[in-house]
1. From the list 271, 242, which residue is assigned by TED's automatic domain parsing to the domain that holds residue 186 and in contact with a Ser or Thr (Cβ under 6 Å, 6 or more places away or on another chain)?
2. Being closer than 11 Å to residue 311 by Cβ and out of contact with any strand residue (DSSP E or B) (no Cβ under 7 Å at 6 or more places or on another chain) is the filter here; which residues of region 255-278 pass it?
3. Scan region 19-32 residue by residue and report those that are modelled with pLDDT of 85 or more and within 14 Å of ligand 1 (Cβ to nearest atom).
4. Is it fair to say residue 84 is more than 24 Å from residue 38 (Cα to Cα), touching a strand residue (DSSP E or B) at 6+ places or on another chain (Cβ under 9 Å) and either of a type in the set (A, V, I, L, M, F, W, C) or surrounded by fewer than 15 Cβ atoms within 10 Å (Cβ to Cβ) (or both)?
5. Taking only pairs six or more apart or across chains, which ones have beta-carbon atoms under 6 Å, a first residue in region 18-30 that is within 16 Å of ligand 3 (Cβ to nearest atom) and outside any loop (DSSP other than H, G, I, E, B), and a second residue that is at pLDDT below 85 and polar (S, T, N, Q)?
6. Filter region 62-87 for residues that are of a type in the set (A, V, I, L, M) and either more than 18 Å from residue 119 (Cβ to Cβ) or at pLDDT below 90 (or both) and give the result.
7. Check region 311-318 and report whether any residue there is in the same structural domain as residue 223 (by TED's automatic domain parsing), among the charged types (D, E, K, R), part of a helix (DSSP H, G or I) and within 17 Å of residue 216 (Cβ to Cβ).
8. Tell me yes or no: at least one residue of region 31-38 is crowded, with 16+ Cβ neighbours inside 10 Å and either away from ligand 2 (no atom under 16 Å from the Cβ) or touching a residue at least 24 places away in the same chain (Cβ under 8 Å) (or both).
Amino acid sequence: MQQPTVSYTGHPHLLAVLDDAPRHAPPCNECGRPCDSPPVFRCARCDFNLHLLCGPLPTTIELDEFPGDPFSLADSFAEDDSGEYYCDFCEDKRDPRECVYHSGDYYFVHFKCAMSEVLRSLKGERGDVDLRTLGKLIPGRVVSKGLNSQTTAQWEKQITESTLTLKDIYDSLTENELMEFKNLSIPSADISSDYATSFPYSGDAFKQLLDRLDAVTLPWEELIKLYNLDTKVVDVGEHQITWDFANIMDTLLRKHKDLIAESRLSPKVKTFMFVLLCDVVYSMSRTKIEDVTEQMLMDWWGRLKVVQRANFRMQLVRDQLTIVVSAYFGLAANKFNERATADLDEQIDKLSKELEQVRENREQHQKLVESASTIIEKCLDDASALSYKTVGADLL
Ligand SMILES: [Zn+2]
Ligand SMILES: [Zn+2]
Ligand SMILES: [Zn+2]
C-alpha cells in the first residue's frame with residue numbers, strides 16, 4: 001500500500017499516488033471521466049480520485065540524463081515557430097500544445113518520458129516538492145516528512161472523532177458576536193442602474209462595470225446562506241475552519257503571515273470570514289480566465305468586500321481580482337467584437353448573393369428581349385406609323 005504523500009489544496013486529506021487504478025474505475029473528481037488507467041491520485045477514505053494529469057504535478061524535476069539542468073513544468077511550449085518540436089529524451093516529435101518539462105529554451109522532455117521521475121517525486125523520494133495542477137494552477141506539496149503531514153493527520157483525526165460543525169459555532173455566538181458578524185454584511189442600497197451606452201465595451205462601459213462591482217451588496221440573509229452549516233470544523237493552528245478548506249487555509253496562512261494582523265474580530269466570527277475567503281481563493285484558483293463571467297466577478301467581489309470589512313489584510317487577492325476584472329472585460333470585448341463583425345459579414349454575404357441573383361435575372365431578361373427582337377421591331381414599325389394619331393383616325 002502506497003503511503004499518502006501529496007498535500008493538495010483541492011482536498012483536505014493527503015493523497016496517495018497509486019500504480020494501479022482502483023478496480024471500480026471511479027470517476028475522476030476533476031474531469032469526471034473514469035480513473036481506469038494508472039497511475040492515479042487517491043484518497044481512499046473519501047473515494048476521492050484524480051487522473052495523474054488532472055492532479056498536482058511537480059513544478060520542477062531533475063533528470064539523470066541531464067545533470068545540473070532543473071526542468072520546469074509548462075502547460076504547453078513552442079520554443080520557436082518552426083512548427084516541428086522534439087523530445088530531447090526519446091528524440092520523437094512532441095505536440096507543443098501538450099504539457100512538457102523543459103529546461104529553458106534548450107531541453108524538452110515529453111511528460112511520459114519524465115514520468116518515472118515525476119512518480120518518484122510524488123512518492124516523496126525526492127523530499128518536499130512544490131506541486132501545481134495544469135491549467136488551473138491549484139497548488140500542492142509533497143510531504144515526505146515533517147510538520148505538515150502531522151497537521152493533515154490531525155485534521156483526519158478531528159474529522160473522524162469530532163462532531164463539531166459550523167452550526168455549533170454559529171449557535172454558540174454571543175449576542176455581541178452575532179452583531180459583529182451581522183455588521184460585516186453589506187445591506188442592499190437603492191442604486192439607479194442606467195447602463196445604456198452606444199458601445200457596450202467603451203471606456204465608459206468599463207467604468208460602469210467597476211461601479212457595478214463597487215456597488216455589489218451582500219445582505220445578512222444572503223451572507224448566512226453562503227455557509228453550509230452542517231460542515232465539520234477542524235483546527236488549523238490557533239484558528240478553526242470547515243474541514244474542506246483546511247488545506248487552503250493552511251497554505252494561505254503560510255504565504256500571508258499578516259493576513260489577520262489587524263483584525264479585531266472574535267475568533268468565532270473569524271472562522272466565518274476564513275471560510276468566505278478560502279472559498280473565493282479556491283474558486284478563483286480553479287477558474288480559467290476565459291471561463292470568467294460577470295456573475296462570478298460580482299460573487300467574488302462581494303465576498304471579498306465582506307472579508308475586507310473584517311480588516312483582513314488581503315491586498316494581494318484584491319489586486320489579483322482587479323487584474324481579472326480587466327482581463328475579463330478585454331476578452332468579453334473581443335468576443336463581442338468578433339461576433340458583431342461575423343454577423344455583419346454574414347449580412348453582407350447574404351445581400352451580395354441577393355444582388356448577384358438580381359443581376360442574373362436582369363441578364364436573363366435581356367436575353368429574352370433579344371430573342372424576340374425581330375417581331376418586336378416589326379410591331380414597333382406599326383407603332384411609329386400610328387404615332388401622333390388616334391388609332392381610329394384613318395377610318396373616317
Ligand atoms: Zn481526470
Ligand atoms: Zn479524503
Ligand atoms: Zn520523449
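The values are calculated or read from the model by the stated rules, or taken from the named source; none is laboratory data. A quick note: this is a predicted structure, and the numbers were derived from the prediction, not measured. Reconstructed Cβ throughout: ideal geometry from the backbone, glycine too, with neighbour counts over all protein chains shown.
1. Details: 271 fails: in contact with a Ser or Thr (Cβ under 6 Å, 6 or more places away or on another chain).
It is 242.
2. Let us first name the residues in region 255-278 that are closer than 11 Å to residue 311 by Cβ, namely 259-265, 270, 273.
Within region 255-278, 259, 260, 261, 262, 263, 264, 265, 273 meet the criteria.
3. 25, 26, 27, 28, 29, 30, 31, 32
4. Details: more than 24 Å from residue 38 (Cα to Cα): yes; touching a strand residue (DSSP E or B) at 6+ places or on another chain (Cβ under 9 Å): yes; either of a type in the set (A, V, I, L, M, F, W, C) or surrounded by fewer than 15 Cβ atoms within 10 Å (Cβ to Cβ) (or both): yes.
In short, yes.
5. none
6. Looking only at region 62-87, we keep the residues that are of a type in the set (A, V, I, L, M), and these are 63, 73-74, 78.
Hits for region 62-87 are 74, 78.
7. Start the filter on region 311-318 by keeping residues that are in the same structural domain as residue 223 (by TED's automatic domain parsing), which leaves 311-318.
Imposing the further condition that a residue be among the charged types (D, E, K, R) reduces the set to 313, 318.
Keeping just the survivors that are part of a helix (DSSP H, G or I) gives 318.
Of the ones still in play, those that are also within 17 Å of residue 216 (Cβ to Cβ) are 318.
Among the residues of region 311-318, at least one is in the same structural domain as residue 223 (by TED's automatic domain parsing), among the charged types (D, E, K, R), part of a helix (DSSP H, G or I) and within 17 Å of residue 216 (Cβ to Cβ), which makes the answer yes.
8. Taking region 31-38 and keeping what is crowded, with 16+ Cβ neighbours inside 10 Å, we get 35.
Checking the rest, the ones that are also either away from ligand 2 (no atom under 16 Å from the Cβ) or touching a residue at least 24 places away in the same chain (Cβ under 8 Å) (or both) come to none.
No, region 31-38 contains no residue that is crowded, with 16+ Cβ neighbours inside 10 Å and either away from ligand 2 (no atom under 16 Å from the Cβ) or touching a residue at least 24 places away in the same chain (Cβ under 8 Å) (or both).
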